[in-house]
Amino acid sequence: MSERQQGIAREIPQEEVFRVLARTSCLLAREFERLCRKYGLTSAQYNALRILREAGRTGIICSEVGERLMNEEPDVTRLLDRMEKRGWVLRKRGEKDRRSVLVRIMPEGRKLAGRLEGPVNRLYRDLLSTLTPRDLRQIVRILGKLRG
């Protein structure tokens, strides 16, 4: 066995875990993005709609939307600009603090998020169908530990 083959055989487990997590994350993100595209939006837009739907009719400040997104979005303002142009959200300056901008979901955005709810849940079930409930709980626990 060559030195290179021995090195591969003694691979550091952390490296393997990192690669598996990265590949799996890319696969899941790609499938999620593909589903969102079928409905004419990006995964970041869907996640913003989901966050705003959960926030209720009063809405939340724009920076909070950015903090709650599943993936880091470098320009939340531009994301919300595009969504506002499509009639999915409405932004308004805060009455008490004019520096803050409140954003809330509009009926059209609520309707779109509702239409995606079933397909998104089916996608989750399909992609994770080989895992038992115990496996899923264990993955959540381990990944939570990893994030610290």
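The values are calculated or read from the model by the stated rules, or taken from the named source; none is laboratory data. What you are looking at is a predicted structure, and each value in this text was computed from that prediction instead of being measured. Here Cβ is always computed from backbone atoms with ideal geometry, including for glycine, and neighbour counts include all displayed protein chains. Just so you know, the surface numbers come from the protein's heavy atoms only, side chains and all, with ligands and any DNA or RNA stripped out. Shrake-Rupley method; radii C 1.70, N 1.55, O 1.52, S 1.80 Å.
Points to keep in mind about this one:
- Arg91-Arg137 pseudo-label distance in nm [points 7 Å out on the Cα-to-Cβ vector]: 4.3 nm
- Rotationally averaged projected area of segment 46-88 (alpha carbon convex hull; nm²): 2.8 nm²
- Scanning residues 5 or more positions from Val89 or on other chains, those with amide H under 5 Å from its amide H are Glu84, Met106, with H placed 1.01 Å from N in the peptide plane.
- Once the Kirkwood radius over Cα pairs is known for the chain, the Stokes-Einstein relation at 4 °C and 1.567 mPa s delivers a diffusion coefficient of 72 µm²/s.
- Estimated FRET transfer efficiency (Glu84, Leu127; beta-carbon r; R0 30 Å; 0.05): 0.45
- The residues of segment 90-148 present an accessible area of 80 Å² per residue when probed at 1.4 Å with all protein chains retained.
- Each of Glu16 and Arg115 was given a label point 7 Å from its Cα along the Cα-to-Cβ line. The distance between the two points is 4.6 nm.
- Around Lys85: net Lys/Arg minus Asp/Glu count, Cβ-Cβ under 14 Å: +1
- Ordering Leu79, Gly144, Ile60 by Cα displacement along the dipole of the chain toward the positive end leaves Ile60 in first place; charges were set at the Cβ atoms of Lys, Arg (+1) and Asp, Glu (-1).
- Equivalent-ellipsoid semi-axes for segment 65-148 (Cα gyration tensor, √(5λ), whole Å, largest first): 33, 19, 10.
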